[in-house]
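Here's the structure we're looking at; comments come further down.
The values are calculated or read from the model by the stated rules, or taken from the named source; none is laboratory data. Just so we're clear, the structure is a prediction, and the values are computed from it rather than from any experiment. Don't worry about glycine lacking a Cβ; one is built from the backbone with ideal geometry, like all the others, and counts go over all protein chains shown. The protein model used for the area step is the full one, side chains on, heavy atoms only, and it has no ligands, DNA or RNA in it. Shrake-Rupley method; radii C 1.70, N 1.55, O 1.52, S 1.80 Å.
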Amino acid sequence: MEVLQMISSWIWGIPSMVLLVGTGLYFTVRLRGLQFRRLKQAFQLALTKTGHGEGEISSFQMLMTSLAATIGNGNIAGIAVALTMGGPGAIFWMWVIGLVGMATKYAESLLAILFRQRNDRGEIVSGPMYYIEKGLGKSFKPLAVAFALFGLIASFGVGNTVQANAMSTVLKQTFHIPLLAFGVVLAVAVYFSIRGGLERVSSISTIFVPVMSLLYIVAALIILVLQANQIIPALGLIVQYAFQPLAPVGAFAGVSIMVAMQVGVARGIFTNEAGLGTAALIAGSAKSERPAEQGLISMTSTFIVTLIVCTMTALVLMTTGFWDPTGGTLSGVTHDGSLTGAALTSAAFASVLGPLGQWTVAFSVFFFGYSTIIGWYVYGEKCLEYLSGATKFNRLYQVIFALAACYGAIANLELLWLVADIANGLMMIPNLIGMLLLSKIVIDHTKEYEAGTIRKVA
């Protein structure tokens, strides 16, 4: 465990944070704040664009599949982990990475459309491995292979076992369902959902995502209305501890500014995936002939996940006092300090809404986790296809992926989070390097689009 913690700290150290935040800031500046200027248009496109041109799914289905993979238990369990490990200041840095990450996700998806191609079954495929290899040349193929390899590994961590663990923990706490029994049922359900590939996953996501998101957001809003007098103080703590260490209290060791920043950035990437390159893995499958518009649609997912869903979770935890890792010493709320992850968020909802709050979180954890697992299957499948050069191993991957969900349901939470963070960082680095080297293409294409002179692509 200590070795993994050291690796995670190194990967998410200053160099990686500079690369991640710097890439987002670079695109934000060079694209003249595109994510702010065109946010309204982005949402209009996301809701109305049916899609023309080559592709497997509509732009809306692509967005729902992307949201299915990103609106996961990182938004419930991950935010609780961020607050207990990094204090309120971690939320501020999560916002920062979300805002600049919108520009990063825009660039990823634009490149995905420009450099998409077809696999051995004639299906559209895309992703960082393709725009790195095709955009930069064969000499950069090792970088493309590194992304695909780490992406395949990450599909078992961030997109599978971590989600299953959060689901099993909360369902056991709420409904006393045995971990192993749940794991077996989950594995079977996942297997039959992913056998249909991208089209089946996108169909399920189009139904699941709007319903599950609305349920969770409405419950969180009710709590925030009832706790309205605590919202401003909570926001004050978020800003204060972003630039001020959280002092030790009792057994609590305290949190430095650097730790708050590291935790916030890591959790931000875990929840919105901006910079990981995952959006590009399916963006190319959208029926879109304008890369810039697909980029705009994709970046809305980062806004929804980080600035809306994650912020609501953080404010619920803080306004109810359940962010305190000491069990109540700092916040004045009485709890024994043993709750972590999704179980802590569940307790926070239940403290205001009673059993209804606990059930809401339980159902949200299930649907968020389930949709994320099947969404990340598509990501992993695309990486596997690139590495193997064919689709013949997809069936075997489906079986192993489903079994991994069962393992995640009974495994150690802390270990899974560490592995997930490491895998995220390792796939992020080659993607960001590739994007920066291809940045001129993104900038020039965007200028042409905004000038109305852009040509359509296949």
query: Which one is nearest to Phe368 (Cα to Cα) among residues in region 215-235 that are open to solvent by less than 80 Å² (accessible area, probe 1.4 Å) and of a type outside the set (A, V, I, L, M)?
result: Tyr216
statement: If we ask which residues in region 30-59 are surrounded by 15 or more Cβ atoms within 10 Å (Cβ to Cβ), at pLDDT below 80 and not small (Gly, Ala, Ser), their number turns out to be 4
field: Hits in region 79-90 (condition: open to solvent by less than 10 Å² (accessible area, probe 1.4 Å), part of a helix (DSSP H, G or I) and over 17 Å from Leu20 (Cβ atoms))
entry: Ile79, Ala80, Leu83, Gly89
Per-region count, region 285-314, residues open to solvent by less than 10 Å² (accessible area, probe 1.4 Å), more than 13 Å from Leu45 (Cβ to Cβ) and out of contact with any Gly (no Cβ under 7 Å at 6 or more places or on another chain): 5
message: open to solvent by 60 Å² or more (accessible area, probe 1.4 Å), basic (Lys, Arg) and under 30 Å from Leu296 (Cβ atoms): which single residue out of Lys382, Lys392, Lys440 fits that description?
response: Lys440
task: Being assigned to a helix (DSSP H, G or I), free of Cβ contacts under 8 Å to residues at least 60 places away in the same chain and under 30 Å from Gly321 (Cα atoms) narrows it down to one of Ser371, Ser364, Ser351, so name that one.
output: Ser351
field: Matching residues, region 103-122, being closer than 20 Å to Gly380 by Cα and either free of Cβ contacts under 8 Å to residues at least 40 places away in the same chain or within 25 Å of the chain's Cα centre (by Cα) (or both)
entry: Lys105, Glu108, Ser109, Leu111, Ala112, Ile113, Phe115, Arg116, Gln117, Arg118, Gly122
task: Looking only at region 114-121, decide whether some residue is open to solvent by less than 20 Å² (accessible area, probe 1.4 Å), outside any helix (DSSP H, G or I) and in contact with a strand residue (DSSP E or B) (Cβ under 8 Å, 6 or more places away or on another chain).
output: no
query: Would you pick out the residues in region 131-155 that are surrounded by 24 or more Cβ atoms within 10 Å (Cβ to Cβ), over 22 Å from Ile373 (Cα atoms) and touching a Phe, Trp or Tyr at 6+ places or on another chain (Cβ under 7 Å)?
result: Tyr131, Ile132
query: Any residue at all in region 259-270 that is over 22 Å from Leu99 (Cα atoms) and either free of Cβ contacts under 8 Å to residues at least 40 places away in the same chain or surrounded by fewer than 22 Cβ atoms within 10 Å (Cβ to Cβ) (or both)?
result: no
query: Any chance region 77-98 includes a residue that's among the aromatic types (Phe, Trp, Tyr) and over 25 Å from Ala342 (Cα atoms)?
result: no
